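Everything on this sheet refers to the single structure shown next.
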Amino acid sequence: MSSRSGELFDQGLDFFAAAAARLRAEDWERPTPCAGWTARDVLGHLTMTAGYATGVMGGPQPTFPDVARPGDLVDGDPVEWWRATAERARDALRDADLDRAMETPLGRTVADDLAIPVIDLYVHAWDLGTVIGSDVEIPADLIDYAHGYVDPLPVDLVRGDGRAFALPVPVAATATPTERFIAWTGRAAR
């Protein structure tokens, strides 16, 4: 899956950028489906996630800043902030050996350790879409990728307080693939 992780990470940087570009200045302070987080907090969280991914790919060792809210990390225009963050991540990806061995809960390579950061880019793009009532459709290949990594893992490793996902929520039989996927992450689709 190493090349798939790299491809989806690269595409996800743009996917999130496209969602972010739709928000107006005042939208960044609006709530998201992430409990207690504004759109700016989601951006700050993804800044940390991209920093972690950059470190895993061979950049500086990842550290997580001690901030009261993830949005406190965002300085200046949020869209420009994300552009700079994505550029640093792409620089690391360009030189990364995604097949390099490392032990992770998700597998045995750098590519495996990137799975949650990859998924985050798409899910949080959807979160930003909800801020302005815009539909963000999650690509089918990302949905398959996410299930391939997460479904085999023990529930308590990936779901619950302080974990990547909440428990899945019920969804209507008529739900779209994106709505089913979002419910799988623990969010209620509109």
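The single condition among (1) without any contact (Cβ under 8 Å) to a residue 60 or more places away in the chain; (2) under 16 Å from residue 12 (Cα atoms); (3) among the aliphatic types (A, V, I, L, M) that residue 102 does not meet is (2). Evaluating residue 40 against the criteria (1) under 16 Å from residue 117 (Cα atoms); (2) touching a Phe, Trp or Tyr at 6+ places or on another chain (Cβ under 6 Å); (3) free of Cβ contacts under 8 Å to residues at least 40 places away in the same chain leaves one unmet condition, (1).
Among the residues that make up the stretch 149-165, is at least one of them among the acidic types (Asp, Glu), touching a residue at least 24 places away in the same chain (Cβ under 8 Å) and over 24 Å from residue 41 (Cα atoms)? Walk me through it before giving the result.
Let us first name the residues in the stretch 149-165 that are among the acidic types (Asp, Glu), namely 151, 156, 161.
Cutting the leftovers down to touching a residue at least 24 places away in the same chain (Cβ under 8 Å) gives us none.
No, the stretch 149-165 contains no residue that is among the acidic types (Asp, Glu), touching a residue at least 24 places away in the same chain (Cβ under 8 Å) and over 24 Å from residue 41 (Cα atoms).
Hey, any hits in the stretch 123-139 for a residue that's in contact with a Leu (Cβ under 7 Å, 6 or more places away or on another chain), at pLDDT 95 or above, farther than 17 Å from residue 52 by Cα and open to solvent by less than 20 Å² (accessible area, probe 1.4 Å)? Among the residues of the stretch 123-139, at least one is in contact with a Leu (Cβ under 7 Å, 6 or more places away or on another chain), at pLDDT 95 or above, farther than 17 Å from residue 52 by Cα and open to solvent by less than 20 Å² (accessible area, probe 1.4 Å), which makes the answer yes.
So is residue 69 more than 17 Å from residue 17 (Cβ to Cβ), at pLDDT below 95 and among the basic types (Lys, Arg) or not?
Working: more than 17 Å from residue 17 (Cβ to Cβ): yes; at pLDDT below 95: yes; among the basic types (Lys, Arg): yes.
So residue 69 passes the test.
Restricting to the stretch 130-139, name every residue that is assigned to a helix (DSSP H, G or I) and within 17 Å of residue 184 (Cβ to Cβ). Hit for the stretch 130-139 is 130, nothing else. Of the helices (runs of 4 or more DSSP H) entirely within the stretch 6-115, those holding at least 1 residues that are crowded, with 22+ Cβ neighbours inside 10 Å and in contact with a His (Cβ under 6 Å, 6 or more places away or on another chain) occupy 39-56. Cβ separations smaller than 9 Å between residues 6+ apart or across chains give the following pairs from the stretch 120-142 residues that are farther than 21 Å from residue 25 by Cα to residues that are exposed (fewer than 14 other Cβ atoms within 10 Å of the Cβ): 137/177; 138/177; 140/177.
The values are calculated or read from the model by the stated rules, or taken from the named source; none is laboratory data. Remember, predicted model here, so these are calculated numbers, not experimental data. Positions of Cβ are generated from backbone atoms using ideal geometry, with glycine treated the same way; all protein chains shown enter the neighbour counts. For accessibility, only protein heavy atoms count, side chains too; no ligands or nucleic acids. Shrake-Rupley method; radii C 1.70, N 1.55, O 1.52, S 1.80 Å.
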